[in-house]
């Protein structure tokens, strides 16, 4: 069996998962952070409660809360069913079962839903998407992309990846992308070519191991910095 989605699915992750996925230090967490493609993650909500600065951008934020909740409900069962049929592609350690995965994800998404309307009024949730972001140059210290670039290698072209990375480096000095495998836990078909292209332009690029692995082999992030 293989996992396939026609479009990017709304699926929320927590602050602790972001810390682990992106090896975020206390110093990192004090920076101005852009979460690109955050969807219904609780990262922004939890960071705000701790007095830290995060702006999340995602096309889904153009919808109202009720519609986003409906979208989550519509895709929740599909995601868990595909995960159930492809359990061999995941590491069942910190998360022990498909049922527990569903509970963890829904908990994060409910936190997001409870925060969304206030966060949108406060400018923490901005409707927008790659490859053109609604921010000025150098608006952020750090941009994070969770489960979008490279994960959706079948849906997003090599050219899209390069355009997206260029745009993210326009608005932030440093970019971290996780994971570097596709939906079926295979190394992204775009990864090597993207890295070669970035290096040829003099950008600082490194692949770093992180303390997080749910998809098998998905335990590295790509770090890109303007030179």
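The values are calculated or read from the model by the stated rules, or taken from the named source; none is laboratory data. In this text, all values refer to a predicted model and were calculated from it rather than measured experimentally. Neighbour counts run over all protein chains shown; Cβ positions are idealised from the backbone, glycine included.
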Segment 154-181, residues that are surrounded by 22 or more Cβ atoms within 10 Å (Cβ to Cβ) and part of a loop (DSSP other than H, G, I, E, B):
179, 180
Residues of segment 189-227 that turn out to be free of Cβ contacts under 8 Å to residues at least 40 places away in the same chain, touching a strand residue (DSSP E or B) at 6+ places or on another chain (Cβ under 7 Å), over 19 Å from residue 88 (Cβ atoms) and not in a helix (DSSP H, G or I), as a count:
7
Long-range neighbours under 6 Å by Cβ, at least six apart or interchain, first residue within 26 Å of residue 213 (Cα to Cα) within segment 134-153, second in a strand (DSSP E or B) and at pLDDT below 95
none
Looking at segment 170-189, can you tell me whether even one residue there is closer than 18 Å to residue 59 by Cα and touching a helix residue (DSSP H, G or I) at 6+ places or on another chain (Cβ under 9 Å)?
no
Please pick out the residue among 21, 47 that is in contact with a strand residue (DSSP E or B) (Cβ under 7 Å, 6 or more places away or on another chain), under 28 Å from residue 186 (Cβ atoms) and at pLDDT 95 or above.
21
